[in-house]
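Data block below; observations after.
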Amino acid sequence: MRFIFTALLALSASPALAAGGEYGFFSLRNTDFVVLIAFLILVGIMLYLKVPSSVGGMLDKRAVAIKSELDEAKALREEAQSLLASYERKQKEVAEQAERIVASAKDEATNAAAEAKADIATSITRRLAAAEEQIASAQAAAIKDVRDQAVVVAVAAAKDVIAKQMDAKSAGALIDDSIATVADKLH
């Protein structure tokens, strides 16, 4: 009802009411008056069919739907932010774990290299000692072979010398000396 009263006041203050002319304002020949009547009938039909309340209801429903969508969007945004924070924490933890693994691998590699160097040094020392022992053994064997050969040569030379100088009389004297020496040693 207020709407109709407001519309009438607005129309009464319009320049159309001041239109003079030969028939006046309230004549059906005045197009402004006909448009006013058609407008008022249209407004009346709309009020009778409760169009403003149904439009208001639809707008209210739409407002409720938009509010629920906004609430859902806010909830999704908060969930996304919490997931992002969770993933960032996990990424940071994984990065720290990777750094620890790399540091551990470096330490193990350094320790393995040091152990390998120590093992190589020990192996070289053992091989040098074994080589020195082989050299000493070979040297001792060579010296023994040379001495044995020298003894064989000396015995052969002494045999030849003794055989040339030995006659029956000196052989008998040599045998007697040997028997005496053995008899002295046995008693």
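So is Asp71 modelled with pLDDT under 90, in a helix (DSSP H, G or I) and surrounded by 10 or more Cβ atoms within 10 Å (Cβ to Cβ) or not? Step through it out loud before you land on a result.
Numbers: modelled with pLDDT under 90: no; in a helix (DSSP H, G or I): yes; surrounded by 10 or more Cβ atoms within 10 Å (Cβ to Cβ): yes.
No; evaluated as a whole, the condition is false for this residue.
Kindly indicate whether Lys159 is surrounded by fewer than 10 Cβ atoms within 10 Å (Cβ to Cβ), without any contact (Cβ under 8 Å) to a residue 60 or more places away in the chain, out of contact with any helix residue (DSSP H, G or I) (no Cβ under 7 Å at 6 or more places or on another chain) and not acidic (Asp, Glu).
Working: surrounded by fewer than 10 Cβ atoms within 10 Å (Cβ to Cβ): no; without any contact (Cβ under 8 Å) to a residue 60 or more places away in the chain: yes; out of contact with any helix residue (DSSP H, G or I) (no Cβ under 7 Å at 6 or more places or on another chain): yes; not acidic (Asp, Glu): yes.
In short, no.
The values are calculated or read from the model by the stated rules, or taken from the named source; none is laboratory data. Computed from a predicted model, the values in this text were never measured in an experiment. A quick note on method: Cβ atoms are made from the backbone with ideal geometry, for glycine too, and the neighbour counts reach across all protein chains shown.
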